[in-house]
1. Take every Cα pair under 8 Å in the chain that's 6+ residues apart, average their separations, divide by the length, and report that relative contact order as a whole percent.
2. Using 7 Å Cα-to-Cβ label points, what is the Glu433/Ile208 separation (nm, one decimal)?
3. Identify, among Ser292, Ala86, Ile362, the residue whose Cα sits farthest towards the positive end of the charge dipole of the chain, taking +1 on the Cβ of Lys and Arg and -1 on the Cβ of Asp and Glu, with the dipole about the Cα centre.
4. Give me the extension gain from Lys250 to Arg335: residue separation times 0.36 nm, minus the current Cα-Cα distance, reported in nm with one decimal.
5. Among residues other than Ser7 whose Cβ falls under 14 Å from its Cβ, what is the net charge (Lys/Arg +1, Asp/Glu -1)?
6. Report the semi-axes of the equivalent ellipsoid for the stretch 20-154 in whole Å, largest first, where each axis is √(5λ) for an eigenvalue λ of the Cα gyration tensor.
7. Taking other Cβ within 10 Å of each residue's Cβ, how do Ile118, Ile300 sort, fewest first?
8. Once the piece of chain linking Glu123 and Thr46 is laid out straight, how much longer is it, given 0.36 nm per residue of separation minus the C-alpha distance between them?
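Since every read-out is calculated from the coordinates, none of them should be taken as a lab result. It should be emphasised that the depicted structure is a prediction, and the values quoted were computed from it without experimental measurement. Don't worry about glycine lacking a Cβ; one is built from the backbone with ideal geometry, like all the others, and counts go over all protein chains shown.
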Amino acid sequence: MAETIPSVIVIGAGLAGCEAALQLAKRGKKVLLYEMRPQKTTGAHTTDSPAEFVCSNSLGSLDVTNASGLLKHEMAYLGSFLIEIAKEVSLPAGNALAIDRVLFSKKVEELLAQNENITFVREEITKIPQDCPVIVASGPLTSDSLADNIKSFTGSEHLHFFDAIAPIVEKDSINFDKAFYASRYDKGEASYINCPMNKEEYEQFYNILTNAPRIELKDFEKDAKFFESCLPIEVLASRGVDTLRFGPMKPVGLVDKRTGVENYAVVQLRQDNKSATMYNLVGFQTNLKWGSQKELLHSIPGLENANILRYGVMHRNTFINSPELLDATLQCRKRKDLFFAGQITGTEGYTESIASGLLAGINMARFLDNEELLSLPKTTMLGALTHYISDSEQRHFQPINSNWGIVEELNVDRKIKKNKKIKNEMLSKRSLEYFENHKP
Ligand SMILES: Cc1cc2nc3c(=O)[nH]c(=O)nc-3n(C[C@H](O)[C@H](O)[C@H](O)COP(=O)(O)OP(=O)(O)OC[C@H]3O[C@@H](n4cnc5c(N)ncnc54)[C@H](O)[C@@H]3O)c2cc1C
């Protein structure tokens, strides 16, 4: 490790780390930015450049009435360096912000090099440094030794290595002429939403599922071991036509009071956020391609028109149990000079990673200046994201990307809420008004 004692160490020159370092430097803080590549690589990165886009070259929509688009507008208000660079190197892609990834990394590298407050060190950090403020932004493919150290700091139950997550749908898009609330054997509160299937519907569903293409796993992901209780539905289905009916789609004890019928199979949905706008499909973790997931979900009675807020995914993903560890400012609760940023916090996606790097950088600078930290309201997309990941009442925490389901609901009548276009326009207007009135 370099000898000078810096103001702040940032671990990882990925999307979050570079943004955080630039934000700190802008506020006059000295930064040591550590990157382990090229000495050590991640299995997914292919260059030694900072801020590499590992897969697609798109940051998603720029449309302000789209959840990811709104997030970018908010980031522009907060002065994101990387969003600015992305726009400079953008490629024609309709309403989306697609970039020339080589040029993007080159421009980020130049900006880091020109900044006299930033020292870029090519070295792996194996332990969270104790003697100075730190931002951990080592990403979903954090090196093993650092991951071990994070695990001993957080407790092993608070560091996850793999995502096998189930899709989430918007409650307002569920058809309650078919779906019904009930708990198994009427025990406790009837908080689950149940989508019933008869034999014919189940067989059709099974047929779609077993013929659907899966996403190809990367080499370093193929050895991944899944918990038996967390197997993807397509793996369970491959064990036999009835395996799902005796597993996550078990119908026993789930009676629709309107009909008195116990069905052939049932898909259960569990509440996913406090305001009960989002529901996840219980036991439906999957690696199917997104188009197939959509077809499969829409074949479930009650979900014919379901708005899918998050698709199921499976990939290596190191992330901390943020609800137990972080505040919505991204500050660690048990060590105040430690912040986490990027995908490791459970904010998923390129834009979200940059956004959390932006907030962590701003807040670390404020912390060092003894200023109040920036905690954005849930009416903004970035505020909603950071409150979601730091909500200590959450139980089955899984990474999340920007979506309308996490944003505080509008106080308007149901008719307006049902009109998606108007609703999204109002949500984005409300957020941008906040930024207009609270210039950072
Ligand atoms: C295979 C894969 C594909 C993805 N595809 C997409 C996609 O198409 N679209 C999308 O929106 N999101 C995608 N993501 C999710 C996510 O948006 C990206 O991973 C994003 O790059 C995360 O940003 P980050 O800054 O948190 O981590 P990264 O950009 O990965 O940056 C972390 C950096 O830390 C370095 N590092 C790790 N450990 C250490 C250490 N101990 N010491 C020093 N340096 C270290 C790494 O080398 C890396 O440069 C993908 C993720 C993966 C794993």
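1. 21
2. With each label placed 7 Å out from Cα toward Cβ, I get 3.9 nm.
3. Going by the charge dipole, the pick is Ser292.
4. My answer for the length gained is 26.2 nm.
5. +1
6. Value: 27, 18, 16 Å, ordered largest first.
7. The order, fewest Cβ neighbours first, is Ile118, Ile300.
8. Taking 0.36 nm per residue and subtracting the Cα distance, the gain is 26.0 nm.
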